[in-house]
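Please read the structure below before turning to the comments.
The values are calculated or read from the model by the stated rules, or taken from the named source; none is laboratory data. Model, not experiment: these values are computed from the prediction. Cβ coordinates were reconstructed from backbone atoms using ideal geometry, including for glycine residues, and neighbour counts include every protein chain displayed. Heavy atoms of the whole protein, side chains included, go into the accessibility calculation; ligands, DNA and RNA do not. Shrake-Rupley method; radii C 1.70, N 1.55, O 1.52, S 1.80 Å.
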Amino acid sequence: MTFEGYVSSPECEVPAGADRPSVDGAGAATDASAETGAAAPGAAPGAVSWAPVAALTLGIATLVGSEFLPASVLPAMASDVGVSEGTAGLAVAVTAIAGAVTAPTIAVLLPRTDRRTVLISLLAAAVVSNVVVALTPNFPLLLVGRLLLGVAIAGFWSFALGAGTHAVPGRDHIVSTSLALGVSAATIIGVPLSSVLGDAVGWRPVFWAAAGLSLLGVFAVAATLPPVPAQPGSGLGMLRQALANRRLMAGAGCIALVAFGNFAAYPYIRLAIERVTDGGTVWLLLGWGVGGLAGNLAAGALSRRLGIAVVTAPALLGASLLALATAPGLAAATVAIVVWGFGFNMVPVASQLWVTRAEPKRVESALSLQVTAFQVAITAGSAIGGAVVDGGGVRAALLVGTVAALAGSVGFATLHTGSRR
């Protein structure tokens with residue numbers, strides 16, 4: 001898959017009336033398919049089947065939900081395996097470490113493998129990961145399970161947009177928004193529900209449930225997604241060419257700053273909530289997820305104004321973290337948490353589309369770098385955030401996140417302004 005046919009301005013924005021030709025999985029431009037979409041096997045000519053996109057969305061929802069489960073059950077999980085709450089936050093960090101290594105290398109290691117096969121295998125790995133965590137007698141084995149999950153998440157994120165656009169050509173902004181809605185579903189439903197379930201029956205059944213949902217994702221992708229050929233030229237050469245794109249690399253650095261800002265604080269969101277209320281944890285987690293859903297949709301609506309989206313989203317994130325750190329009571333904290341969800345959940349959609357515009361000829365490699373930036377930031381954010389929480393409390397972690405998110409916003413603003421010169 002490539003996006004070579006896109007017409008974009010230097011700000012990575014697409015004029016409102018511009019045609020957006022797409023290409024098929026083998027790399028050939030297909031303007032007609034951009035108008036009609038892909039027909040599922042046996043469907044009427046010109047019909048669009050969204051079932052593959054729905055299956056990919058389910059897959060990403062189960063993976064992201066699994067990634068952030070420790071944030072929902074952190075106190076109980078930490079107590080059960082005999083570590084501090086700050087140390088338990090490493091359950092998120094090690095997942096990201098594996099993802100940071102996997103994202104830029106998986107296409108190099110599997111340059112010709114059908115992406116459908118890879119995606120199914122990655123979801124199967126998530127099943128195994130959640131089972132390992134559910135059964136673990138100690139923290140080291142828990143970390144092994146979480147490392148496996150990191151491989152699954154990074155690989156799935158790297159290939160899901162390409163697979164979805166191959167199934168439904170010419171709709172990359174819709175596919176990206178749909179995948180991000182899967183993330184919102186995981187946070188809206190998964191995080192609060194996991195918190196309730198963890199309090200009611202223990203944290204281990206939460207991971208058993210995640211294993212079951214991941215298995216459902218395996219069956220959904222296997223049943224609906226057509227074969228997806230690897231992008232021509234996938235491998236080390238394509239990655240090197242993407243790395244030589246200075247604008248892309250600068251943008252990846254900004255993405256890393258924003259993600260770091262979020263994940264220095266997010267694993268400890270329950271602790272931040274409990275600072276202002278004893279009984280509203282589930283509702284505030286739900287508020288974060290609802291804000292995230294709105295943020296996903298807003299980013300999709302701004303797909304032709306990505307320069308605005310990538311500056312605004314981290315600015316909102318930074319402002320919300322600062323507001324939560326200084327919130328005098330429940331009402332102010334509620335607003336801050338909803339805006340936090342809104343601002344951060346704009347970032348996956350906006351940044352995913354931004355990198356495809358910054359490197360339209362090597363989209364698979366560009367997306368892998370975006371995923372790498374996220375995973376490195378999650379690793380560093382979770383580790384540093386944990387140390388800050390143990391040493392100075394959750395308010396200090398929120399302030400660290402504020403500085404990083406605002407720095408990312410300024411960085412994107414500089415890239416946007418510089419491209420106009």
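Against the condition within 18 Å of Gly99 (Cα to Cα), aromatic (Phe, Trp, Tyr) and open to solvent by 20 Å² or more (accessible area, probe 1.4 Å), how does Phe342 come out, does it pass?
no
Any residue at all in region 311-333 that is within 23 Å of the chain's Cα centre (by Cα) and free of Cβ contacts under 8 Å to residues at least 24 places away in the same chain?
So far as region 311-333 goes, yes, one or more of its residues are within 23 Å of the chain's Cα centre (by Cα) and free of Cβ contacts under 8 Å to residues at least 24 places away in the same chain.
Sort out which residues of region 250-303 are β-branched (Val, Ile, Thr) and under 21 Å from Leu369 (Cβ atoms), and write them in order of number.
Ile255, Val258
Can we say Ala163 is assigned to a helix (DSSP H, G or I), of a type in the set (A, V, I, L, M) and farther than 19 Å from Asn296 by Cα?
Criteria met by Ala163.
Per-residue answers, yes or no, for (1) hydrophobic (A, V, I, L, M, F, W, C); (2) open to solvent by 10 Å² or more (accessible area, probe 1.4 Å); (3) under 16 Å from Pro52 (Cα atoms); (4) touching a helix residue (DSSP H, G or I) at 6+ places or on another chain (Cβ under 8 Å):
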site	(1), (2), (3), (4)
Ala125	yes, yes, no, yes
Val132	yes, yes, no, yes
Leu148	yes, yes, no, yes
Gly155	no, no, no, yes
Phe159	yes, no, yes, yes
Val168	yes, no, yes, yes
Val175	yes, no, yes, yes
Leu181	yes, yes, yes, yes
Ala185	yes, yes, no, yes
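Only one of these is closer than 26 Å to Pro104 by Cβ and out of contact with any strand residue (DSSP E or B) (no Cβ under 6 Å at 6 or more places or on another chain): Ala313, Ala319, Ala397, Ala331. Name it.
Ala313
Looking at region 86-118 only, could you name the residues that are within 15 Å of the chain's Cα centre (by Cα) and open to solvent by less than 50 Å² (accessible area, probe 1.4 Å)?
Correct list: Val92, Ala93, Thr95, Ala96, Ala98, Gly99, Ala100, Thr102, Ala103.
Taking Leu317, is it open to solvent by less than 40 Å² (accessible area, probe 1.4 Å), part of a helix (DSSP H, G or I) and under 26 Å from Ala96 (Cα atoms)?
Judged against the criteria, Leu317 is a match.
Looking only at region 334-348, decide whether some residue is within 16 Å of the chain's Cα centre (by Cα), modelled with pLDDT of 85 or more and of a type in the set (Gly, Ala, Ser).
Within region 334-348, one or more residues are within 16 Å of the chain's Cα centre (by Cα), modelled with pLDDT of 85 or more and of a type in the set (Gly, Ala, Ser).
Given the criterion buried (at least 23 other Cβ atoms within 10 Å of the Cβ) and over 18 Å from the mean Cα position of the chain (by Cα), identify the matching residue among Ala413, Ala405, Ala373, Ala397.
Being buried (at least 23 other Cβ atoms within 10 Å of the Cβ) and over 18 Å from the mean Cα position of the chain (by Cα) holds for just one of Ala413, Ala405, Ala373, Ala397, which is Ala397.
Just checking, how many residues over region 187-200 are open to solvent by less than 60 Å² (accessible area, probe 1.4 Å) and β-branched (Val, Ile, Thr)?
Looking only at that region, the number is 3.
Sort out for me the helices (runs of 4 or more DSSP H) sitting completely within region 219-308 that have 2 or more residues that are at pLDDT 80 or above and open to solvent by 20 Å² or more (accessible area, probe 1.4 Å).
246-263, 269-274, 281-301
Only one residue in Thr326, Thr312 is over 26 Å from Ala387 (Cα atoms), open to solvent by 10 Å² or more (accessible area, probe 1.4 Å), hydroxyl-bearing (Ser, Thr, Tyr) and out of contact with any Lys or Arg (no Cβ under 7 Å at 6 or more places or on another chain). Which one?
Sole residue among the options that is over 26 Å from Ala387 (Cα atoms), open to solvent by 10 Å² or more (accessible area, probe 1.4 Å), hydroxyl-bearing (Ser, Thr, Tyr) and out of contact with any Lys or Arg (no Cβ under 7 Å at 6 or more places or on another chain): Thr312.
From the list Ser79, Ser72, which one is free of Cβ contacts under 8 Å to residues at least 24 places away in the same chain and of a type in the set (Ser, Thr, Tyr)?
Ser79
Tell me which residues, restricted to region 201-214, are open to solvent by 20 Å² or more (accessible area, probe 1.4 Å) and either under 24 Å from Gly292 (Cβ atoms) or under 20 Å from the mean Cα position of the chain (by Cα) (or both).
Hits for region 201-214 are Ala209, Gly212, Leu213.
Of all residues in region 72-85 being part of a helix (DSSP H, G or I), closer than 16 Å to Val394 by Cα and not charged (D, E, K, R), which is most open to solvent (accessible area, probe 1.4 Å)?
Top of the filtered list is Pro75.
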